[in-house]
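Data first, discussion second: the structure below is written as structure tokens.
Nothing in this text is a laboratory measurement; each read-out follows from the coordinates by a stated rule. Here the structure is a predicted model, which means the values were calculated and not measured. Every residue, glycine among them, receives a Cβ derived from its backbone with ideal geometry; neighbour counts consider all protein chains shown.
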Amino acid sequence: MKNWLNAAFTILASLFIAFILTSGFDAINSTLEETPLLSGMMNLVFASFMPALLWIANKKINHLSTQQYGFTTRRLTWSLITGIGLACISVTAILVMACLSGIPVLFTGSLQVRPAIIFQLIATNLATGIWEEAVFRGFIFNTLLKHRACIVIAGMITAVLFAGLHATAFMDTKSLWWFVIIILLAYILLYLYLITRSIWAPVAFHFAWDLLWSIPESPIGVFSVTDFENHTEYIDQISVLPLVVIAGILIAIGKRKQVGIRYLNIIQTAHTHN
């Protein structure tokens, strides 16, 4: 019981610190909304700050080296390609299903705004992808494993907490499908992490997924969904099927290669030796 209380306290403390940091940074971003270049630069500062916090937290609290939890440049290119590629496949599948369902998706193939706005959009989504993956997959998931949780339990708790982070968006959309999507994404991100043994694969997927879905709501161009706001709930519904397929494939690959058991042994053995 004491072990689980320690885990709960550590996780709640990490979530509180992450909330304070992101709230402050969101406030700064709001004041810089009219200056996209400066806003983008501040987001890049935040994006570089979070990995340092992850390194300190896992070293001091979980007694893990960067190699043990996949926070290195080893196979970096492959991890980035895998994450971004899978996100592009996911979004493309959803857009194709939307087109087949009669939702007008227009591909302009050109950029409609100045480079500073594009830079801001990329930097914002990169910062979001890095900090959320650092907190949830990089720290919370590993903290649960350190406190003797199995992969299944640690994955479930991480997924629920990840969905809780997006509760505001869930309340805004009033769509149960959005909650289902977030849970599915949590498992996709988790198994990308376990299969590649690199935190950069889920970071890349998270970044690309958020970036691609921010395009229809921005003036950036490339592609747009006609009357996007009124179609969001239906797009959420049709998103479930491709995400279930992708999550199922990743979980099947993970089970066949026993990546969960291997990773669990690495983390818990590291804890035993320290």
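Structural remarks
- Here the calculated FRET efficiency for M97 and K59, from their Cβ-Cβ distance with R0 = 35 Å, stands at 0.20, rounded to the nearest 0.05.
- Region 86-152: C-alpha gyration tensor shape, a/c 1.5 cut-off, then a/b vs b/c: oblate
- Pairs of Lys residues in the chain, spaced 8 or more positions apart or belonging to different chains, with C-alpha separations under 22 angstrom: 7 in total.
- Degrees separating the helix 2-31 axis from the principal Cα axis of the chain, which is the longest one: 30 degrees
- Per residue of the chain, the DSSP helices (runs of n ≥ 4 H) give a summed -39500 (n - 2.57) that works out to -26000 deg cm²/dmol at 222 nm.
- In this Cβ point-charge picture (+1 for Lys and Arg, -1 for Asp and Glu), the chain has a dipole of about 1660 debye about its Cα centre.
- Here, P(r) means the percent of Cα pairs in each 10 Å bin from 0 to the largest distance; for the chain it is 6, 28, 36, 22, 7, 1.
- Projected label distance in nm at W78 and C150, using a 7 Å step from Cα toward the beta-carbon: 3.0 nm
- Degrees, to the nearest 10: 151-165 long Cα axis against longest axis of the chain: 40 degrees
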